[in-house]
Amino acid sequence: MGMEAEKRESKFQKILKELEYIKYTLNGLMTWDNLINLPNGAIEYRKKVMNYFVQDYYKKICSIEFRRGFQKLENKSEKSEIERAILRNIRKEYEHMQKIPVEEYGRYVELLTEVEEEWKKARELDDYSKVKKGLEEVFSCLKSFAKYRGEESRTYETLVEYYTENITLERVEDAISEMKKELLPILQSVKLRAEESLKLKVQDENRQLILSKELMSLLGFDFNFGRVDIGEYPTTLSNTPNDVRVITSFKDNLLTGVYNTLHECGKGLYEQGIDRELLGNYLGEIPSQVLNEAIAKIYENRIGRNKKFSAVLLEEIQKVFPEFQNIEEEEFYRAINRVDKNPVRIESNELSYNFHIILRYELEKEIFQGSLKFEELFERSQEKYRKYLGIELTKEGDGVLQDVHWVSGYIGFFPIYIVADIIAGQLINQFEKEESKLEEIIEKREFSRLKTWLTERVFKYGSLYSLEEILLRVTGEEINPKYYIEYMTSKYKSLYNIKCKAI
């Protein structure tokens, strides 16, 4: 290898680390600060700072030195496992960005910050018109980006497949059809019982945070390498596996906060479980939002709503909130699995949740297809809420203004929640084959067994392997909705004594 080639390789590795610093830590810290600490008066300057780092990242990944190093690595006849993974991850990022003019992409980042602020005001006023124009601009920008990449004929499909890691839109739609066929009749057959409307009303956020920390510690979250804070919207931000920031959100119903925390705890465990040796190679991150969400669904639902865990959870709640000492275990189990008609997606029950997702998926798809105009969005939302959930939607804040996804540019993201539930079902099926039934480890409080299994089979690899590779390595299957549908059908038919057949 000549001296010039060595310098180029060294420059490529140096830029790779700089990209990692910006993408992981700078972005993570600024986003966390925006959500937790940033004063309203600092927003305008922060937009400029974020735009600067986005453009810096863009320039680095599109630089001649980086392209040369990338090309050299790509041309190697024999590549290591790590080198193949670096190429795969950079190729995805590079191809997604390099055809878009840097100034235009910087303006898009500024636009998102502006529209997110408009969205917050629109939610406060329950007035969609305050954000409609900005939302149209976000969709328009994504359509323009698709043209630069030569994908305008299948813009929406490309957006979905970017987030689902090339699980095709066709396969997602097949899964949605199965859910409509098997699970919608169950949802529509549920008859609510009065005793299931248990509400654990609380106003004390300090005690809710104490409970959140206790639950996260119980499940294996290491507070030496992470923290949890209270925010308006639950999320998890990883600066590195050594610095994982969980944000949970509380309402006046204690259980809403509990399940927000369990969901984000799953993501936090994943981030903390990534092998630190992968840092510096652009591989020390989750390989897929789908897989991240699948782990979150395991901790929120497969553990969090399990009958054995309901006893554990009730005990932990009663330690921090002694005013709930009189609640019985069976009453509590039915309450945490209650199928109610809640218009709020993140507060909805396990059975209803994916129908919230399906209607959002259908709305954004119709916008891209041109069959739905932005001024018709709330009215069409009302129709779909009525069709799938039996809910008469009256407030715009409970419909088109509910989620931050669209105003943050995450269009095409909603289907990952469906795929995540499917993959969670596959992972739990495999865990129970290899290790033990979930009920057994929960009853013994051996949560470390699940965490260890997931770390060894999934977490530690970061993005060394793709979603598809991990799924095949762990389960021997591609995406398969069978296990998720069997779990949901068995659980809710039994819980509500339902005899209905599939559509």
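The values are calculated or read from the model by the stated rules, or taken from the named source; none is laboratory data. These numbers come from a predicted model, not from an experiment. Ideal geometry is used to build each Cβ from the backbone, glycine not excepted, and the neighbour counts take in all protein chains shown. Protein only, heavy atoms only, side chains kept; ligands, DNA and RNA dropped before computing areas. Shrake-Rupley method; radii C 1.70, N 1.55, O 1.52, S 1.80 Å.
Does any residue of segment 195-204 turn out to be closer than 30 Å to residue 457 by Cα and open to solvent by less than 20 Å² (accessible area, probe 1.4 Å)?
Checked segment 195-204: no residue is closer than 30 Å to residue 457 by Cα and open to solvent by less than 20 Å² (accessible area, probe 1.4 Å).
Every test in (1) within 25 Å of residue 120 (Cβ to Cβ); (2) surrounded by fewer than 23 Cβ atoms within 10 Å (Cβ to Cβ); (3) hydroxyl-bearing (Ser, Thr, Tyr) is passed by residue 248 save one, and that test is (2).
The residues of segment 143-161 that are open to solvent by less than 40 Å² (accessible area, probe 1.4 Å), closer than 15 Å to residue 364 by Cα and touching a Ser or Thr at 6+ places or on another chain (Cβ under 7 Å) amount to a single one, 161.
Condition check ((1) in a helix (DSSP H, G or I); (2) over 30 Å from residue 491 (Cα atoms); (3) without any contact (Cβ under 8 Å) to a residue 12 or more places away in the chain; (4) more than 23 Å from the chain's Cα centre (by Cα)) across all residues:
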position	(1), (2), (3), (4)
109	yes, yes, no, no
113	yes, yes, no, no
127	no, yes, no, yes
135	yes, yes, no, no
142	yes, yes, no, no
154	yes, yes, yes, yes
173	yes, no, yes, no
179	yes, no, no, no
188	yes, no, no, yes
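Residue 166 meets the conditions (1) under 23 Å from the mean Cα position of the chain (by Cα); (2) of a type outside the set (D, E, K, R); (3) part of a helix (DSSP H, G or I) in every case but one. The failed one is (3).
Only one of the numbered conditions (1) part of a helix (DSSP H, G or I); (2) among the polar types (S, T, N, Q); (3) open to solvent by 20 Å² or more (accessible area, probe 1.4 Å) is not met by residue 354, and that is (3). From the list 289, 272, the one residue that fits, being over 21 Å from residue 421 (Cβ atoms) and crowded, with 20+ Cβ neighbours inside 10 Å, is 272.
Given the condition part of a loop (DSSP other than H, G, I, E, B) and surrounded by 15 or more Cβ atoms within 10 Å (Cβ to Cβ), answer yes or no: does some residue in segment 378-385 qualify?
Within segment 378-385, not a single residue is part of a loop (DSSP other than H, G, I, E, B) and surrounded by 15 or more Cβ atoms within 10 Å (Cβ to Cβ).
The single residue among 239, 224 that is surrounded by fewer than 23 Cβ atoms within 10 Å (Cβ to Cβ) and under 17 Å from the mean Cα position of the chain (by Cα) turns out to be 239. May I ask you to list the residues in segment 89-98 that are surrounded by fewer than 15 Cβ atoms within 10 Å (Cβ to Cβ) and closer than 15 Å to residue 143 by Cα? Listed by number, the list holds a single entry, 96. Please identify the pairs in which a residue from segment 53-65 that is farther than 15 Å from residue 12 by Cα and open to solvent by 40 Å² or more (accessible area, probe 1.4 Å) has its Cβ atom under 6 Å from the Cβ atom of a residue that is of a type in the set (Val, Ile, Thr) and in a helix (DSSP H, G or I), counting only partners at least 6 apart or on another chain. What qualifies is 53/22; 55/102. Evaluated against (1) over 19 Å from the mean Cα position of the chain (by Cα); (2) crowded, with 17+ Cβ neighbours inside 10 Å; (3) part of a loop (DSSP other than H, G, I, E, B); (4) touching a residue at least 24 places away in the same chain (Cβ under 8 Å), residue 340 falls short on exactly one condition, (2).
Among the numbered conditions (1) under 28 Å from residue 174 (Cβ atoms); (2) among the hydrophobic types (A, V, I, L, M, F, W, C); (3) modelled with pLDDT of 95 or more, the only one that residue 495 does not meet is (3). Taking the criterion of being part of a helix (DSSP H, G or I), out of contact with any Gly (no Cβ under 8 Å at 6 or more places or on another chain) and either over 16 Å from residue 215 (Cβ atoms) or among the aromatic types (Phe, Trp, Tyr) (or both), the residues of segment 272-328 that qualify are 277, 289, 290, 291, 292, 293, 294, 307, 309, 322, 323, 324. Total residues in segment 162-194 satisfying the condition of being touching a Cys at 6+ places or on another chain (Cβ under 9 Å) and either open to solvent by less than 70 Å² (accessible area, probe 1.4 Å) or modelled with pLDDT of 95 or more (or both): the figure is 3.
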